[in-house]
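Engineer: Structure incoming, see below.
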Amino acid sequence: VPDLQGPRYVSPVPNGGFVVSEECGDVKVFMSSHELLCSLSSKYRHQFGNPAGVCVDRDGSILVADEQRRTVHLFPEHGAPVCLVSTGLRRPAGMACSSFGHLFVADTGENCVKVFKYCVRPP
């Protein structure tokens, strides 16, 4: 996939495509054919500082760590973004989601992995 602006982190999405964060401040979603599906900053009118780690949860929502803003946002397929983590991160980088609703964030500012449990939908 050419013409990315400083690709950083990448994660597969359920439809066979992938999501990639870029140093220039955007996160792009690609289809399995490698064609651009959307830009999260355009689709959600969200301004990233410096997007880093990306992952996709069991519901197909995209989670993005913002290194500059020290946050983690969830971008559902439909609806507005949700800030999942707004405090306690110094320099979030790589992330992973478990099928049990756990979010693992590598915090390079504190040399550790932080584990969060979240539920976006009512149980």
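Engineer: Suppose every K and R has +1 on its Cβ and every D and E has -1 on its Cβ; what is the size of the dipole of segment 27-123 about the Cα centre, in Debye to the nearest 20? Present the calculation step by step, with values, prior to reporting the outcome.
Structural biologist: On the way: 11 positive and 8 negative charges, 42 e Å.
So the magnitude is around 200 debye.
Engineer: I would also like to ask the following. Under 17 Å Cα-Cα from residue 114, which aspartates and glutamates qualify once same-chain neighbours fewer than 8 residues away are excluded?
Structural biologist: 57, 66, 67
Engineer: Another one. At a Förster radius of 25 Å, what calculated FRET efficiency corresponds to the Cβ-Cβ distance of residue 87 and residue 47, to the nearest 0.05? Walk me through the numbers on the way to the answer.
Structural biologist: Working: r = 19 Å, r/R0 = 0.78.
The value I calculate is 0.80.
Engineer: Report the Cα centroid-to-centroid distance between segment 42-58 and segment 7-30 in angstrom, as an integer.
Structural biologist: Taking the Cα centre of each part, segment 42-58 and segment 7-30 sit 9 Å apart.
Engineer: Okay, next question. Reachable aspartates and glutamates from residue 43, Cα under 13 Å, same-chain residues fewer than 8 places away excluded?
Structural biologist: Partners within reach: 26, 77.
Engineer: Here are labelled values, (i) 13.4, 41; (ii) 48.5, 158; (iii) 12.7, 35, and one is the computed Rg and Dmax of the Cα atoms in Å for what I pasted. Which one?
Structural biologist: Given (i) 13.4, 41; (ii) 48.5, 158; (iii) 12.7, 35, the calculated one carries the label (i).
Engineer: I want to verify a result. In a Gaussian network model of the chain, Cα cutoff 10 Å, which of these has the top mean-square fluctuation: 19, 29, 85?
Structural biologist: Answer for the Gaussian network model of the chain: 85.
Every number in this text was worked out from the coordinates using simple rules, so none of it is lab data. All values reported here derive from a predicted model rather than from experimental measurement. For neighbour counting, all protein chains shown are included, and Cβ atoms are generated from backbone atoms with ideal geometry for every residue, glycine included.
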